[in-house]
């Protein structure tokens with residue numbers, strides 16, 4: 001089955017800095033890569049996603065890149081704000097499946 | 001924005017007791033899921049449900065678990081004889097077509 005590794009487990013940045021979270025996946029047939037943000041005690045919420053036919057996608061301060069050859073994808077947050085503090089999960093949908101495999105999560109802390 | 005609703009938000013139960021976790025998916029969604037998240041760990045897939053039957057389940061979803069859509073709107077997860085290790089946050093999710101999930105707010109199950 002699919003295996004998703006996520007790094008780092010904790011990321012601490014100053015407000016205004018950029019943050020990068022990296023994930024790798026094992027199944028070369030995986031074709032959909034969502035990112036979820038989970039604030040403390042709340043539900044995971046989809047913040048951005050990318051499909052395997054696209055190399056990069058951007059939505060305001062958030063961007064995701066995908067390298068299919070290397071089987072890794074990354075989340076980039078620019079101009080971080082304290083409200084960006086949360087746990088971020090990457091996920092990968094194996095080919096033909098709508099069941100994502102989640103990474104272990106990255107706790108992002110943005111210091112004012 | 002439509003939401004997935006879960007009740008109760010927190011349930012405490014004695015080991016060996018049965019619990020039923022309830023979810024009301026978004027009304028026009030077709031695919032329903034249960035996930036669990038043990039404290040501080042990643043989100044794990046339990047089961048998917050489509051067209052009134054289980055379409056996929058994980059190794060975690062053993063004989064003590066069952067799901068039902070009793071009345072066309074509610075989607076329930078039953079744990080027959082709870083164990084201490086069943087303590088976790090349980091998330092319901094639904095989707096219409098395509099890949100994007102909407103998660104519910106979760107039920108925190110504590111088995112004592």
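The values are calculated or read from the model by the stated rules, or taken from the named source; none is laboratory data. This is a predicted model, so every value here is computed, not measured. All Cβ positions, glycine included, derive from the backbone under ideal geometry; neighbour counts span all protein chains shown.
A quick yes/no check of all residues on (1) touching a helix residue (DSSP H, G or I) at 6+ places or on another chain (Cβ under 6 Å); (2) within 19 Å of residue A:100 (Cβ to Cβ); (3) surrounded by fewer than 16 Cβ atoms within 10 Å (Cβ to Cβ):
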{"position": "B:3", "(1), (2), (3)": "no, no, yes"}
{"position": "B:8", "(1), (2), (3)": "no, no, yes"}
{"position": "B:23", "(1), (2), (3)": "no, yes, no"}
{"position": "B:26", "(1), (2), (3)": "no, yes, no"}
{"position": "B:59", "(1), (2), (3)": "no, yes, yes"}
{"position": "B:67", "(1), (2), (3)": "no, yes, no"}
{"position": "B:70", "(1), (2), (3)": "no, no, yes"}
{"position": "B:85", "(1), (2), (3)": "no, no, yes"}
Checklist entry - Can you tell me how many residues in region B:47-73 are touching a strand residue (DSSP E or B) at 6+ places or on another chain (Cβ under 8 Å) and within 14 Å of chain A (Cβ to nearest Cβ)? => result 11
Checklist entry - Quick one: in region A:98-112, which of the residues that are touching a residue at least 12 places away in the same chain (Cβ under 8 Å), part of a loop (DSSP other than H, G, I, E, B) and surrounded by fewer than 20 Cβ atoms within 10 Å (Cβ to Cβ) is farthest from the other protein chains (Cβ to nearest Cβ)? => result A:112
Checklist entry - Across region A:60-96, what is the number of residues that are touching a residue at least 60 places away in the same chain (Cβ under 8 Å) and either away from chain B (no Cβ under 14 Å) or surrounded by 19 or more Cβ atoms within 10 Å (Cβ to Cβ) (or both)? => result 13
Item to check | Residue in region A:22-31 that is under 11 Å from the mean Cα position of the chain (by Cα), crowded, with 16+ Cβ neighbours inside 10 Å, modelled with pLDDT of 95 or more and more than 14 Å from chain B (Cβ to nearest Cβ) present | outcome: yes
Item to check | Hits in region B:27-46 (condition: assigned to a strand (DSSP E or B) and more than 11 Å from chain A (Cβ to nearest Cβ)) | outcome: B:32, B:34, B:36
Item to check | Those residues of region B:74-103 which are more than 14 Å from chain A (Cβ to nearest Cβ), out of contact with any strand residue (DSSP E or B) (no Cβ under 6 Å at 6 or more places or on another chain) and either farther than 19 Å from residue B:7 by Cα or modelled with pLDDT under 90 (or both), in sequence order | outcome: B:81, B:83, B:85
Next on the checklist: Residues that are over 9 Å from the mean Cα position of the chain (by Cα) and in contact (Cβ under 8 Å) with a residue 40 or more places away in the chain: does region B:40-51 have at least one?
Outcome noted: yes
Next on the checklist: Residues to consider are A:41, A:16, A:1, A:95; find the one that is part of a loop (DSSP other than H, G, I, E, B) and either in contact with a helix residue (DSSP H, G or I) (Cβ under 8 Å, 6 or more places away or on another chain) or modelled with pLDDT of 95 or more (or both).
Outcome noted: A:16
